[in-house]
Structures are given as structure tokens and as C-alpha cells.
Amino acid sequence: MERKKVTIDGNEAAAYVAFRTNEVIAIYPITPSSNMGEWCDAWAAENKKNIWNETPIVSELQSEGGASGSVHGALQTGSLTTTFTASQGLLLMIPNMFKIAGELTSTVFHVSARSIAAQALSIFGDHSDVMATRSTGFALLSSNSVQEVMDFALISQAATLKSRVPFLHFFDGFRTSHEVMKIEQLTENDIRSMISDEMVIAHRNRALTPDNPFMRGTAQNPDVYFQGRETVNQFYIDCPGIVQDQMNIFAKLTGRQYNLFDYYGASDAERIIVMMGSGAEAVEETVEYLTSKGEKVGILKVRLYRPFSIDHFINALPNSTKVITVLDRTKEPGASGEPLYLDIVNAISEKHINGELKFAYPKITGGRYGLSSKEFTPAMIKGVFDEMKKSKPKNHFTIGIVDDLTHTSLDYDASFSVEPDETFRGKFYGLGADGTVGANKNSIKIIGEGTKYFAQGYFVYDSKKSGSTTVSHLRFGPKEIKSTYLINKANFIACHQQGFLEKMDMLDDAAEGATFLLNTLIPKDKVWNFLPEKVQQDLIEKKMKLYIIDAYKVGEETGMGVRINTIMQTCFFAISKIFPKDEAIDMIKKSIKKTYGSKGEKIVQMNFDAVDKTLANLFEVDIPAHVTSKIKLADAVSANAPEFVQEVTARIISGHGDSIPVSMMPIDGTYPTGTAMWEKRNIALDVPVWDDEICIQCNKCVIVCPHASIRAKVYDEKLLSNAPATFKSTKFKGKDLGEGMAYSLQIAVEDCTGCGLCVDVCPVKNKKETKLKAINMNQQLPIKEAERANWDYFLGLPEYDRTKLNISAIKDSQFLVPLFEFSGACSGCGETPYVKLVSQLFGDRAVIANATGCSSIYGGNLPTTPWTKNKEGRGPAWSNSLFEDNAEFGFGFRLSIDAHNSQAKNLIKKYSNEIGGDLVDAILSADQKDETGIYDQRERVKMLKEKLTAFMNEGFDGDKLSDLTHLISLADYLVKKSVWIMGGDGWAYDIGYGGLDHVLASGKNVNVLVLDTEVYSNTGGQASKSTPRGAVAKFAAAGKTMPKKDLGQIAMTYGNIYVAKVAMGANDLQTLKAFIEAEAYDGPSLIIAYSHCIAHGIDMETGMKNQKAAVDSGHWPLFRYNPDLIKEGKNPFKLESKGLKIPFKDYAYMETRYKMLTKSHPDLAAKLIEEAQHDTEVKWKTYEQMAALPGNDK
Amino acid sequence: MDLSTTYLGLNLKNPIVPSAGPLSTNIDNIKAMEDAGAGAIVLYSLFEEEIEHDALELNHYTLANTDSFPEAQSFFPVPYDIKIGGEDYLNHLRKAKESVNIPIIGSLNGKKLGGWVDYAKKIEQAGADALELNIYILSADHHKSCTTIENTYLDIVKSVLENVKIPVAVKLHPFFTSVSELVFKLDQTGVKGLVLFNRFYQPDIDLDKLEVIPNVLLSTPMDLRLPLRWTAILYGQVKADLAATSGIYSAEDALKLIMAGSKITQMLSCLLKNGIPHIAEVLKHMVQWMEEHEYESLNTMRGSMSYINIADPAQFERANYMKVLHSYK
């Protein structure tokens, strides 16, 4: 039977089967598994059916812990239930997994395996998470490819129903979950024939029901718990056989025979690699090559890892086995070996001891590879096989890194390659914004579905949210593709952005005779001279062909703008000649119609026009015989950067992080701050330019700048004498900061993302030309060099004394140095202005606990961090623990700092005589509520430390020496520390809410900043409990039907928590006051900050207008609730906005998240918007009543 | 009293017809209009430009940040079953038809010629009894001659007429060098109705913000004079039915226009100000006036005060202007 071929990724393959074989699906987003839940939610919203012709109920929970609890509940009440997760999410499911397995409950969890956060978080793939579940009692079934994901999703579902053992079906995060591959799609009949009604009904008959009441989940005592635990043994003994039976049934259906352990290689192989996961495919490819050269090698793929069947394993090994190397994609520090290795050692030993081993006891070694999606290539595999030839092969080795500390790593020849010549290999370099990845996903579909070729696409992104670079790796050809690694010998390379030429060495990987396609503004006859020396050299030496296109021109002419995907895709098909030209054009157009048809004829036509105009603008360039260029690839960082940045950070920036040896990595995840300043990304085509003549010096542009790229300084005008010629300065308007002062507004044009928020908020208009403001966007390139010098000069000007600034005024507050700068957040981010404000106001004494999410990624994802320090070397100390525990994590900071402070106070009291009573009294009674108070205390502590150092030199010993040594190390804690707990609404409203509530209720002095985007932004816009009614989000594809949770209102019920709701775009002064008050309040404070976001589908340039509209509609009432006012007999609640000025829908329909529902479900949209209006009015009235309440003094 | 009239070949129980505008975006309002006695309803306009804008906007924002970041390939759910082709308008039209018994006239403002035709056909298929073409071209391009602009009007009308069977009316603005010439050319296309006149949105300037701001001004009774004059001039000289709109607030206003020659009178501003039930008031007073002045039907009075039927037709031309000026002496 001919089945449909589809080109999909691993997540979609898993979701396809899971949706059809389940009745209840409980989900929660976590990379890289989120897409599985998203697919199911979207299909449910479309009313698609499972094999019982019902639409599964898809429900989002508040955490993976919650999801697994609901899965457990739904299973116990008889529904076929599933969930999807990874990494920390899987860890949160472990308690329920023990329960589900202990109760012998049939279910399949689909897991895109991902690293566990240890010294650092990583979203990428390895088996650390899956390995942490080994003791739960779940069966562990590994898929190595996208086809296997679909197949094993079904086999595991059938096996769990038959065996009653729950299954964890896993595949490698990103490498398989996100790899787009042409596969054969299972039919509804295939699925039906594997899932019998009898098994489903048997599962249902075990359900809790009052019609047949029983209890499950008792508590047991020492007398019987042990025996109870042993009752399940037979099920685990039977399970492998059942899985094999289902694999055999599946083989009869589809022709694809799988076994619990599958061996590939020479029948007389002596060296066998044992492993599981996508890397096994690359090993198989390498084995095929090596055996063709006569090498006696093989690979044993482990499919069913738990329950581990020793018999099946031994039987799968060839009798010629002499050396076994077990590769684990995980690390267990301190263990005698990684888990699969230990299982294999044990299996061989048991069989040997029992005399059942069919060959002599082999050498067994184990090694680690591929952690966090580290490349695992045929070259590395060859290195492992070569090691196995040695008389004493290295054990507990690593492959793929250079471990120059404990010398675990194996050497290998990196140039070794086994990629078959008949496979086309293309690499495409693009920007996230230009649609390169989308175009390549589309090309793979066209090729996959239009030819008999096998096809594979894999996409690599950098970690920035603005100006991110993407590299697409496309393979297709007549031979099945098992290359589960990046392309390293490409025969087609496309550069979709001219700016990359000097930033990266794209042709390094080009094969001889390869083609280079370049998108450039430079015409055909001049382009050669613009190419860097290395590019020219590669083109000549590798006998390459060069094609150019001005895609920007075509984009401009056809309305495509910067999204040049269709144009570059057309070039690719035209040059690669996979199809005859007309056929290719026809296929691209059909694909456009399919992709964009639902978005209206206009969009389709625009893309058609782009296709038609492309070919006339595509030219081949003759390659001269000699290199003429002197242009070199740019250095990643300036030569002035610190040593660590030069040696480590720069290598990561330039894409050579893989070559960094272990010895150069920090041992415990500790990194220097202040590194983003060295990564001059130059991503903005247009940057703001200051018009000093009409500027009123309000500093509003400075406060909103999400990237701290606009700075204002006030300084003595005498300092201007040696300013660069183009440095702008004007007389400072105002006398409060002294006479003869100058004012400058300076833009860091190499760090600016060009978002334009500054221009939008500028209140000044040029009277002669009203389209101009006091700050206007202009091209970056012509002013780059001059502004670089101006920026350096500006940084050299002294900062104004912060103790003399009136920081409760917007203008003065923005003379404070930001200690959060140049983050990789989205251009125009709505969160970072608040984060930056914290850094300006309190950064020099702040400790920050950051929940996982956008803010932890733009704050802490290598290579650089925006957190930085001031000239005194002080600045925010930052850490990310987890997603779910951030409030508790920050609470721990508070407890620890309080303990240090208390100990220091006790010690200075104890040694008051030695230190001097006046100084001790002054330190103990210091008022540190404002900048002057902090400064004075720092001076006292400085004096204290000088005294202590002098004492130490006097030669104390015994307890006194110990005390004073402690006091020196604790003295800085006598200066007030500001604890900030930051995160998004996904954390604060959902997964971390329980902890947040507890910490707020503790009464401790912590400051909580909720960066509320009303959606899980980092993982792609899933609904949280903050998502408003009527908004569309992932997991709420048909619009959120429930109202937004009022976190502020809940917190205010305690009465002793400072609560503020702010929106900088609506009232920046109220925002500033709230931050200052919250920090000054000696107790818990909560600031909920409206943060516009790309997930709202808005023009980020005018995001502050959306903030204002949210406030004006009453959706986001601005208020401050200050418990200190209660003591003064006043009403603590101040309502500070004029709500209900505009209807809710006038605000909502500024944003795609609301508007798209009117296009998909117009009636529902109308109903929900009306309900949302009602929500707004009710909330507003409640707030008005609260604000009208008299204080105790009335 | 017989207030019935025909318009575009449709039989209406009276000539009071709410014109295209925001009131008809709501089905309850449409029902209320029927209850208040409206003879027919012109639905709010479908704007092709708005549909295109929505399509471009949705496409832009749902794609803008896709495939840029490893944790999020997109930021919106898979766009399933999105309908961007005026479906909301067409569904609304269908619902309006289901909700009332009086004729529903669709209104269309196209952008490209193809768009005018496509959406006209869609409106016809959705069940509209007739179609009003809300042609609204304001050219700031001095290279474009008035002939070119007027030919665009004619091309649109001809193309639509070739593709739909329902009667078609054209709503015009008064700012042509020769309204008469264009009207006569339009009349020759076979258009069934001419609606006099469209009122342009006129921008304003906010002096504080130094911004151009949209400023929708409702018509006043004074605005009645323009359609009154042109209805009177055109009555009897064109085959198409004349419909007057702008500044109609009272029964007297409606009666004047009918005497000038209009088949129906379209009102919007007065309903926005006074509410939908005002239709009933107007109808009641029309009947009262006609009874008092012993008219039995509208047919008797229609065109009685038109250019061709009054003693001194020049009064509707320049002389009238002179007379007004002289009256201030």
C-alpha cells in the first residue's frame, strides 16, 4: 500500500500519532517539546478527530508538575491520556511518573530529550533528562529519526496498552524534534489496527468510578509496602516481548521491521558501538562506509532501553564481537560510568558469569558524546572506532571536545567525511527576519513532495532575539539520509545578507566546484572587488561558481520588503536545476498558494510577483584568476576587551565555540559581567540621530531605550575642549545641576537595534518640518565611524554624582548609568526598559534572581551578558535557578544577606571598643533609604574595613582573629542590598505562583518585578493565566475564554505587600515612583509591568502607544498600593490612571493577538471582546471603589 | 397614505433608507431600522483596501518573528481557517438578509478594478438585493487628468455591471468639473441608480500635537442643499433612479428631495444623532404633511420642483446664487 509522504519534523510526527490515539492531552510549554502541544491544540481548535472520531480535550496546565498530575488523574478515570515535555519539565513529572508506573497505568509521554540545567541551562538535546527517569518504572523507548518518531509513537501506544507498563517515548531534542525530514505517514487504518478496542476498554475498565467503587493510592507500612512493590515484576518481565510483538505487527503493516536492539554492520564485526538516539544514524552511515573499506565494525542501536532485556541485547550482538564501546549522551558526575555503559557491562557480565556469552568476554569501554546537541560527526565516530583498535582503549572518554584538564577526550581527524556524493548539500545563511529558514523549510517540502528524493532540513539559530543569524542545512538525494549532523562539505552555499561577508567565513565548508549565491546591492561588474580576500581565495581555489541577486530591490518592487524568502528560494531552484525552470516556478507558486492562500489573494500575488521578477535579476559572475581583495574578516571583539572576552567570548561570537578546550571554561558556571559591550553587532540599518537644536532634554528617549543605546550626560562644558569634531553638545537646560553645564545625548550606533521606540516617544516636533522630531532615524553606515568615536568620548566623560540627582524625576533618573546594556532582546522589547531602570536605580547594590524565560535568555545566554558594572566595579549580581522556583531562589538571597548582615552587625557591636563606638553607632543606625544614605554608609564601611585591616596587621590570634577575618568578609553586607526577583507572567502567574505567593507572604524585603507580556514569550507565545480574554495565543488557538488573573489584587489582600501596576508607555513617572517606593519599602513588594511584546503582533516601534491604549481602555489600571500609608492613616491604594477612556476593543484591535480571532472565529471574537469589555468595567469599578475608601484618619 | 416608491427596480414601502454607515454593522440595529419603518437599508461599505490591509497586517505580524530563535519558531497558533476576503462582511450581509424582510443593499468600495468586480460578485452571491458602488477617488497626483479619473469611474461601473445581475447604484461626490457630464455617461452604462452625494472624510490639524487627525463631521440640515440642487437638475434627464443623501433630518427635508426628484432619501447623521426610532418620526410627519396638503402619494409630488418642472429653472443654476447674495442687501 502506497502511503502518503510528508515532510515534517519530529515533533509533528509524534503529535500526529499522539493526537489520534488519545482522549485527553495535558500540556505545558517547554523547549524543544512545545510544538507537540501546539500542534495538538491547533488540531483540537480545528475540531480534528482521534481514531474514535472524537476531538481530544487539550488542556494547558500551570506547570509540568500540574500536567503530569492531570495526566495521572485522567488516566485513573479511564481516559487515554498523554503529555509532551523535556528537560526540567520531565523532572517535574517524575513524582507522578512513579505513581503512574506503580499503578501499572497505560500511557505514553513523548519527550524531546534535552539537557538538564546544571552549570548552565541549555535548551539543546541530550539524554540527561530521560536518564533521570530510569527508576520511575516507565519503559524508555528511543527513536533515532523522524520516521521512527512516528512509528515508535504508535508502537509505544500499542505496547503500553498491552503491557500496562507506561512508556516514555523519546527522541533527540532539536536534532530529531526539529529536523524536517521526508517520511511515510501512517494512515488512520494503520493506527486503528494497532490499537484494539479491547485494550482500550480494558484500560477504561480499570478506571475509578462510583459505579464500581474501589480505592487506589493507599498508604502502606513496613509490613507490606515491599511486597506490594514487587507485584509488578511480571509486567516488566513481559514488557520487552510485548514491545517486540508490536514491532513485528507494525512490520507486517508497514514493511519497517524494528527490534528491541537493531544491529547494523559487518557480520563478522569485532568492534561494536552500542548507543541510542539520533547519533546512531550517523554511526550507521559511518559503519556503512567503513565496512565498504573492509573494516570489521558495527553498531547496535538500543531501541527499548527500559525494561532492559539482556537476552535480546546479547542475541543482537554478532558472535565475532571483541570490543564494545558504549556511547552515552549524558553525564553522571561521580558515577562509575554512564547509565547505558553500566547496563551493558552488567549484561555482558551476567551472561558471562552464567556461561551464556557466545563470545569471549569483550573489552567494554564507555564514552560521552553530544551533550547539548554538540555535533557528533562521522569523523568523531571514526575516532571512536580507531580507539577501539588499541590494545588498551581509553575508557570513560569524551568525543567531540578537547578535554585538556582530565584528558578524557579522544583525538580524531576532523576532515574525515562519509557524505555520499549523490546527496545535495546546501547551506543557507540568513537573518531570522528575512525568512530564510521558512523558505528552506518550504524548499524541502517542495523537493520532498515533488520528487522521489529523500530530503532533510535542519536549522541552526543563534541565541539573540534581535538580528539573529540562521543557518539552514539542506540535504536531498536518491539515497536515504542518515547524516544527523551539520553539513561540513557543502556544494551550495547561499548568503542572504551581504553584511555576513565580513563577519563569517561561509565558504570554509564549500566543496570543490560548489556554487555561492550572494544577495547584494552591488552590481555584477563591481561585486568582485567588494568580496573579502578569503572569499575570493575560496572561490578561485575551490573552482566555485558565483551568482548574485539584489533581493532587496526585488523585495522593494514587489512589496515583500526585507522578507526576501521567496526571492532567494526562486534563485536556489533556478541555479540548482533540480527541476526544469518552468516546472520549478510552477512548484514554487503552488507552494506559495498553499502556504499563503488563507492569508488572502494580495499576499499570494505579492509572492508570485517576487518569483516572476527574481530571474531577471539573477546573474552569474565570472570569477577572475587572481585574488585582488585586501578586505579581511572582522575581529569578533575589540583588542581592548578583557582577556576572558578575547580568549573565550570572542571565539563563541565568531562561531568557534566548539574549539574551546575544557580548561578555558569556568568550572562552576561563573562568568564575568560587562561583556555585551564588546560584541558590536551592528544590526541596525537605521539608527536614531539627535537634533540638539530642538531637544528639550526630557530624557524620555533614554528611559524607553530597550537596549541602553541612548545615553544622556550632564557635565562641565569645559570638558568639551577635546571632543571629536562631530560630537554633539548643547547647554544644559536647568540650573539644579550647576552652572556652566553641558548636555549630550549620545547613541551607541553599533549596539542599537534600530527599533525606533525613542523616536516614537519623543515629544518634540520640528516646527518647520513636523515629520521630524528631536531624534530621528537615519542610516547607520555613513555615521558609524564618527559615532563610534563619539561614543568612546562620551563614555569617557564623568558621570554626574548620583547622590546629587533628583532620581524621582524622569530627567535626572536617566543620568544614572544603566548597568544593563545592549541585550540581545527583541528590537523594541517592552521588558528591558524596566530591567534597565532597576539597574540604573539600584544596580550597584542589587542581587537578581531571574526566572527562566526571555529575561534569563537575553540576560544570561552566552556568549555575552548585558549585565554590567559601574566605574567603581559595582553592579548587579545575577543568577538564574529554574523557571518554577525563582521567588524562592530570590528569597534565599534575602535570607542569606540578612544572615550576613546580622552577623556583621553582631561582630561590630562585639568589637565596638576596638572599632570605635561612634562609627559602630553610625553604621548600625544608618538611614539607607536614599542614594546619599547609601553613599554615606559605604564610606563608613570603607572606614571600618581600613580599621579592620589595620587590626589584622597588629597580629591578633584566636577567636578575635577569626571574628575579624569574618567581619572583613561580611562588612559590605552592612550596606543595604537590594534583592530583585524578576521573571515573566508564565513564572509569576503560573508555574511559580505558589512560591511567589509564599515569598510575598513572608514579609521579607524582596522586590518582585513581573515583566508581564500576558503570554509565554520565550517559548513562542503560549497562553498563561495572564493572557486576557479574547486574545489568541498558542494553547488558546480559538481565543482565551477565561479572564486574566488579577495578580495585583490577590497580592493586595495580604495588606502588607507593596503592589504597583505600571506601564511605562502610559506614565513613565508613575513607573519610576513605583520602582523607588517598592525598593524603599521594608517588606515584600510586587511590581507588575505591562510589557509589549512581539507575541502581541504589533509594531514594536510604537509599542509604548499600545501600553497607553491598554491603560486608557482600563485593561491595565495604573496603581500603587503602599502599606506604609496605612501607618499614616491613609488609604494605601492610589488609582493613577483614567480608565475606560476608550473601549477595550479600540485597544485590543491594535494587536494581532486579538484581531486574528475576528478572522478565524468572528462570532466568538465579538462575544469575547464584549465579555472582555465587561471584565474591564467590573475591574475598573472595583478599583475605583478601593481608591475611594477613606483611610483610617477619615 | 401611499409612501411606497420604487428604487433600483425594488419595491419599497417608503423612501426612508438608512445609508451606509456604522449603524448597520450591528444586526440588532438592522432589525430596529426595519421596526422603525425603514424602506430598505444600505449596509455599511466593504472596503477592499481594508481587506488588503488586514491581509498584509496579519501576514506581517504572524510571520515577522518566525524561524528566528531556537525556542520559538513562531508566536501565533498555526493560522487555520483564517478568512480574509471580506467574509465577515458577507456573513453579516447574509445575517442581515435572514433577519429582516426589507431589501438590503450592499455597499462596496474597491481598490483595483479586479477587486471591484470580485467583491461585487461576492456581495451578489451573499444575497444582496442591490449594490451601491461607493466610489471614492481623491487624486493628489497632478499628472492625472480629470478625464483619466472620470474614466476610472466609468470603467469600474461597466466592469461591475458586466459581472453582476443585481441592480447597481453609484454613489458620487459632487467635486467634478461637470457633474452633469459624468452623470450622463454613467447613466449610459445601464446603472440603475445615482446616489447624490458622498461626503468626503476631511482631515483636520491638531495644533497642539502638530498632527493631521481624522475628523468625521456629521452632516447638518444645511448640507441638504447640494443634493437638492443636483437632484432637481438631473431629474427627468437620466434613466437611473436618483437617491439623495446628506443633511436629511426631517420629514420636510425628505419631502423637498422627493419634490426635487429623488426616489429615496438616505439618512445617517440624523440617525446617529437622534437614534434609529427617528425613522418612524420622519415617516409620521411625512404622512401628516401629505395629509395636510392633500397629497395621496409620493408619485404625485416626485419631481414637481425639479429643474424641468419649475417655472424658472435658472434658479437651480448660477442665478440662484446671485439671488441669494442679493437677498443680503
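How many residues does segment A:925-934 hold that are exposed (fewer than 15 other Cβ atoms within 10 Å of the Cβ) and either closer than 21 Å to A:Ala950 by Cβ or out of contact with any helix residue (DSSP H, G or I) (no Cβ under 6 Å at 6 or more places or on another chain) (or both)?
The number of residues fulfilling the criteria is 2.
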Exercise. Residues in segment A:658-680 that are under 23 Å from A:Ala117 (Cβ atoms), among the small types (Gly, Ala, Ser) and buried (at least 16 other Cβ atoms within 10 Å of the Cβ): how many?
Worked result: 1
Exercise. Going through segment A:290-333 one residue at a time, which ones are buried (at least 24 other Cβ atoms within 10 Å of the Cβ) and among the acidic types (Asp, Glu)?
Worked result: A:Asp328
Seminar exercise, completed: Of (1) in a strand (DSSP E or B); (2) surrounded by fewer than 16 Cβ atoms within 10 Å (Cβ to Cβ), A:Asp959 fails just (1)
For this session: Starting from residues that are touching a residue at least 60 places away in the same chain (Cβ under 8 Å), under 12 Å from A:Arg1153 (Cα atoms) and in a loop (DSSP other than H, G, I, E, B), keep the ones in segment A:1015-1029 and report whichever is nearest to the other protein chains (Cβ to nearest Cβ).
Result: A:Gly1021
For this session: State whether the residues of segment A:889-912 include one that is over 30 Å from A:Lys804 (Cα atoms), touching a Ser or Thr at 6+ places or on another chain (Cβ under 8 Å) and modelled with pLDDT of 95 or more.
Result: yes
For this session: Being over 22 Å from A:Ser278 (Cβ atoms) and of a type in the set (Val, Ile, Thr) narrows it down to one of A:Ile381, A:Ile364, so name that one.
Result: A:Ile364
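Can you tell me which residue is surrounded by the most Cβ atoms within 10 Å (Cβ to Cβ) among those in segment B:65-102 that are among the charged types (D, E, K, R) and at the interface with chain A (Cβ under 7 Å from one of its Cβ atoms)?
The qualifying residue surrounded by the most Cβ atoms within 10 Å (Cβ to Cβ) is B:Asp67.
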Exercise. Somewhere in segment A:713-734, is a residue part of a strand (DSSP E or B) and either under 21 Å from A:Arg681 (Cβ atoms) or in contact with a His (Cβ under 9 Å, 6 or more places away or on another chain) (or both)?
Worked result: no
Exercise. Which one is nearest to the chain's Cα centre (by Cα), of the residues in segment A:655-704 that are among the polar types (S, T, N, Q) and assigned to a helix (DSSP H, G or I)?
Worked result: A:Ser659
Exercise. Residues in segment A:563-570: is at least one out of contact with any Pro (no Cβ under 8 Å at 6 or more places or on another chain), within 14 Å of chain B (Cβ to nearest Cβ), free of Cβ contacts under 8 Å to residues at least 24 places away in the same chain and of a type in the set (S, T, N, Q)?
Worked result: no
Exercise. Yes or no: A:Ala1037 of a type outside the set (Phe, Trp, Tyr), within 20 Å of the chain's Cα centre (by Cα) and under 30 Å from A:Ala42 (Cβ atoms)?
Worked result: no
Exercise. For segment A:1080-1136, what are the residues that are of a type in the set (S, T, N, Q), touching a helix residue (DSSP H, G or I) at 6+ places or on another chain (Cβ under 8 Å) and closer than 30 Å to A:Lys929 by Cβ?
Worked result: A:Ser1085, A:Ser1091, A:Asn1122, A:Asn1131
For this session: Check every one of the helices (runs of 4 or more DSSP H) wholly within segment A:245-357 and list those with 3 or more residues that are closer than 30 Å to A:Leu486 by Cα and either within 36 Å of the chain's Cα centre (by Cα) or of a type in the set (Ser, Thr, Tyr) (or both).
Result: A:279-292, A:339-353
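Could you say whether any residue in segment A:1158-1167 is assigned to a loop (DSSP other than H, G, I, E, B) and either at positive phi or in the same structural domain as A:Asn1067 (by TED's automatic domain parsing) (or both)?
Yes; the residues of segment A:1158-1167 include at least one that is assigned to a loop (DSSP other than H, G, I, E, B) and either at positive phi or in the same structural domain as A:Asn1067 (by TED's automatic domain parsing) (or both).
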For this session: Can you tell me which residue within segment A:392-428, out of those that are among the aliphatic types (A, V, I, L, M) and surrounded by 16 or more Cβ atoms within 10 Å (Cβ to Cβ), is nearest to A:Ala510 (Cα to Cα)?
Result: A:Val418
For this session: Looking for whichever is of a type outside the set (S, T, N, Q), part of a helix (DSSP H, G or I) and crowded, with 17+ Cβ neighbours inside 10 Å here; the options are A:Arg1120, A:Arg1153. Which one fits?
Result: A:Arg1153
Exercise. What single numbered condition from (1) at pLDDT 95 or above; (2) within 14 Å of chain B (Cβ to nearest Cβ) fails to hold for A:Lys1134?
Worked result: (2)
Exercise. In segment A:571-592, is there at least one residue being within 14 Å of another protein chain (Cβ to nearest Cβ) and at pLDDT below 95?
Worked result: yes
Exercise. Are any of the residues in segment A:727-735 surrounded by fewer than 23 Cβ atoms within 10 Å (Cβ to Cβ), touching an Asp or Glu at 6+ places or on another chain (Cβ under 8 Å), at pLDDT below 95 and not aromatic (Phe, Trp, Tyr)?
Worked result: no
Problem set entry | Tally of residues being at pLDDT 95 or above and within 10 Å of another protein chain (Cβ to nearest Cβ) across segment A:44-56 | 1
Problem set entry | Residue list for segment A:227-244, filter: in a helix (DSSP H, G or I) and in contact with a Leu (Cβ under 7 Å, 6 or more places away or on another chain) | A:Phe235, A:Pro240, A:Val243, A:Gln244
Exercise. In segment A:436-469, what residues are of a type in the set (S, T, N, Q), away from chain B (no Cβ under 12 Å) and crowded, with 24+ Cβ neighbours inside 10 Å?
Worked result: A:Ser443, A:Gln456
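The values are calculated or read from the model by the stated rules, or taken from the named source; none is laboratory data. What you are looking at is a predicted structure, and each value in this text was computed from that prediction instead of being measured. Ideal geometry is used to build each Cβ from the backbone, glycine not excepted, and the neighbour counts take in all protein chains shown.
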